[in-house]
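Let me begin by presenting the structure, written as structure tokens, before commenting on it.
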Amino acid sequence: MEIWDLHGHLSGVPGRTPDERMAQLIAFADRLGIARICVYMGMTWSYDPAPDDFRKQNDEVLQALSHWADRAFGFVYVNPKHVEASLAELDRCVRDGPMVGVKLWVARRANAPEVDAIVRRATELKAVVFQHSWIKITGNLPGESTPMDVASLAARHPDAAIICGHTGGDWEQGVRAVRAQSHVAVDLGGGDPVAGITESAVRELGAERVIYGSDVGGRSFASQLAKVIGADVAEDAKRLILAGNLKRLLAPILEAKGLSG
């Protein structure tokens, strides 16, 4: 089956430079037959990056992508606390650059009004919006979104292509939180490869709203692929989850940019 990985990072990967780390990611991906990888955030992260910081991180991703246009896509990392700088960065990296999506992490919860301008601009550019989400029994980080926050964001932006990162961490709650928002897909990456997550997501949302991601280098390709390959779902569903759904979401912006998918 063709495999496209929604969720990859330079952090946690061996290498002194973005180029070295990207080469390692590709080498690891080749072992598992992964055709494409989406990459976001730089070699060193920060929870609440200032504009200079997220621009630096995006520059690192741009450098990592520069030799791998046939294997990798980039999502621009921005901070809703700095709306104007984030919009400028979105234009620099997506409108005027090769990136195809937006990464939102933990600086502001997805239900915050500051996020709206970023999602509106992303939608104008046909970019996919990936919003990290988690439900932690120890309490979320300040500004960290729950899947309920993602559902609130999606309700305000019915035309946006939104992905709920990590299926909310607590995936049994996460799939139900976003179920009513039919334009929200869920990312399987990042958690332990426990039995049932893929089956639950397919049952509650339909296979068309479930996407494979690894969260490499925080997690391994193999452990996260196991969630899909070992799932008790139809082969056609696995094909959608492993590549078909992400290809469909990215098709509008790839076509607009003249990029191959």
Looking at the stretch 190-211, can you tell me whether even one residue there is touching a residue at least 60 places away in the same chain (Cβ under 8 Å), touching a helix residue (DSSP H, G or I) at 6+ places or on another chain (Cβ under 8 Å) and within 28 Å of Ser86 (Cβ to Cβ)?
yes
Limited to the stretch 112-151, what total is found for residues that are hydroxyl-bearing (Ser, Thr, Tyr) and buried (at least 19 other Cβ atoms within 10 Å of the Cβ)?
3
Residue list for the stretch 73-112, restricted to those being outside any strand (DSSP E or B), out of contact with any helix residue (DSSP H, G or I) (no Cβ under 8 Å at 6 or more places or on another chain) and closer than 19 Å to Asp149 by Cβ:
Trp105, Val106, Ala107, Ala112
Of Asp53, Asp59, the only residue that is charged (D, E, K, R) and out of contact with any Pro (no Cβ under 9 Å at 6 or more places or on another chain) is Asp53
Which is under 16 Å from Gly218 (Cα atoms), touching a residue at least 40 places away in the same chain (Cβ under 8 Å) and surrounded by fewer than 21 Cβ atoms within 10 Å (Cβ to Cβ), of Gly8, Gly12?
Gly12
Where the second residue is at pLDDT 95 or above and in a loop (DSSP other than H, G, I, E, B) and the first is among the small types (Gly, Ala, Ser) and surrounded by fewer than 16 Cβ atoms within 10 Å (Cβ to Cβ) and lies in the stretch 44-62, which pairs have Cβ atoms under 8 Å and are six or more apart or on separate chains?
Ala50/Asn79; Ala50/His82
Quick test for you: out of Glu199, Glu204, pick the one residue that is modelled with pLDDT of 95 or more, in a helix (DSSP H, G or I), in contact with an Asp or Glu (Cβ under 6 Å, 6 or more places away or on another chain) and surrounded by fewer than 21 Cβ atoms within 10 Å (Cβ to Cβ).
Glu199
Taking the stretch 186-196 only, how many residues are part of a loop (DSSP other than H, G, I, E, B), buried (at least 20 other Cβ atoms within 10 Å of the Cβ) and among the acidic types (Asp, Glu)?
0
Here the residues within the stretch 41-50 that are of a type in the set (A, V, I, L, M, F, W, C) and either outside any loop (DSSP other than H, G, I, E, B) or out of contact with any Pro (no Cβ under 7 Å at 6 or more places or on another chain) (or both) are Met41, Trp45, Ala50
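Matching residues to (1) of a type outside the set (A, V, I, L, M, F, W, C); (2) in contact with a strand residue (DSSP E or B) (Cβ under 8 Å, 6 or more places away or on another chain); (3) within 15 Å of Ala201 (Cβ to Cβ):
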position	(1), (2), (3)
Trp134	no, no, no
Gly143	yes, no, no
Thr167	yes, yes, yes
Gly174	yes, yes, yes
For the list (1) part of a loop (DSSP other than H, G, I, E, B); (2) out of contact with any strand residue (DSSP E or B) (no Cβ under 6 Å at 6 or more places or on another chain); (3) hydroxyl-bearing (Ser, Thr, Tyr); (4) crowded, with 17+ Cβ neighbours inside 10 Å, I need the number of the one condition that Ser214 fails.
(2)
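The values are calculated or read from the model by the stated rules, or taken from the named source; none is laboratory data. This structure is a prediction, so every number in the text was calculated from the model and none was measured. Cβ atoms come from the backbone with ideal geometry, glycine included; neighbour counts cover every protein chain shown.
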